[in-house]
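Input: a single structure, listed below in structure tokens.
The values are calculated or read from the model by the stated rules, or taken from the named source; none is laboratory data. Quick caveat: nothing in here was measured; it's all calculated off a predicted structure. Cβ atoms come from the backbone with ideal geometry, glycine included; neighbour counts cover every protein chain shown.
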Amino acid sequence: MVALLPLGDNNTTGRFTPWVSLSFILLCCLVFFVFELPLLGGEKILRFWQDFAFTPARLFGLEGKEANPHFPVWATLLTSALLHADFWHLFGNMLYFFIFGRTLEYAFGQIFFALFICTAAVFTAFVDGLSDIHSNIPHLGASGAISAVLGSYFILYPRSEIIVISPFFMIGHFTMNLSAFWLLGVGFLFDILGSMLDQSADLERVSFVAHIAGFVLGLLLGKILRRNYCSYDYIHGSQK
């Protein structure tokens, strides 16, 4: 995903309350602050992630039994999206999800948006696992599903103005406006570039494959849902 921090966009949802987006953010925050944060820095957090994060070798039957016999390994394709490595991982993901997700929730409708998020989370985790089926490293984070949100936003609102924190804030320019086409498009290109580079120690924590898979899925689902389910007035009215 892109590195600039968004503060908002020029779309408006009126009095609409994005319950699905808010619920997902609340759930991720509860999981982090209640279950993960107290364990960070010790071996217990690794055990927790082994139980509930997605580990490719387990899903594909290349590493004996499941870490937690009471929790099915296939379910980790979904629960891994609720887990985050640290506060900044959580903060960045939830910020992007709120800014872009609430708009899609209004356009798609809450039921379809909820299904969209679940589908994207499972699909991106599975594709990420296929890229290295022998990996014993737990994969966690909602970035794959959020990349799908960005892909659909890119299709539906390419001319929307996104307010971001300016890289020139030190000289008095705190914010700047960028079109969704450039902000999200360049971010996608960086993900492709990142996936092609040799994986250094710093890059190993970034699931470029999940980002790319999510964005492409978002492009496809955005086209389908726009044609069949989206709010026509909202999508086209905001682009005039």
Any helices (runs of 4 or more DSSP H) falling wholly within the range 40-124 and containing at least 1 residues that are crowded, with 19+ Cβ neighbours inside 10 Å and of a type in the set (Ser, Thr, Tyr): 76-79, 87-108
Qualifying residue in the range 181-189 (condition: within 24 Å of Arg58 (Cα to Cα), small (Gly, Ala, Ser), surrounded by fewer than 24 Cβ atoms within 10 Å (Cβ to Cβ) and over 13 Å from the mean Cα position of the chain (by Cα)): no
Residue that is surrounded by the fewest Cβ atoms within 10 Å (Cβ to Cβ), among those in the range 136-164 that are more than 17 Å from the chain's Cα centre (by Cα) and under 23 Å from Leu90 (Cα atoms): Asn136
Any chance Phe24 is out of contact with any strand residue (DSSP E or B) (no Cβ under 9 Å at 6 or more places or on another chain), crowded, with 17+ Cβ neighbours inside 10 Å and free of Cβ contacts under 8 Å to residues at least 40 places away in the same chain: no
Among the residues listed as Val127, Val149, Val164, the single one being under 24 Å from Phe108 (Cα atoms) and at pLDDT 90 or above: Val149
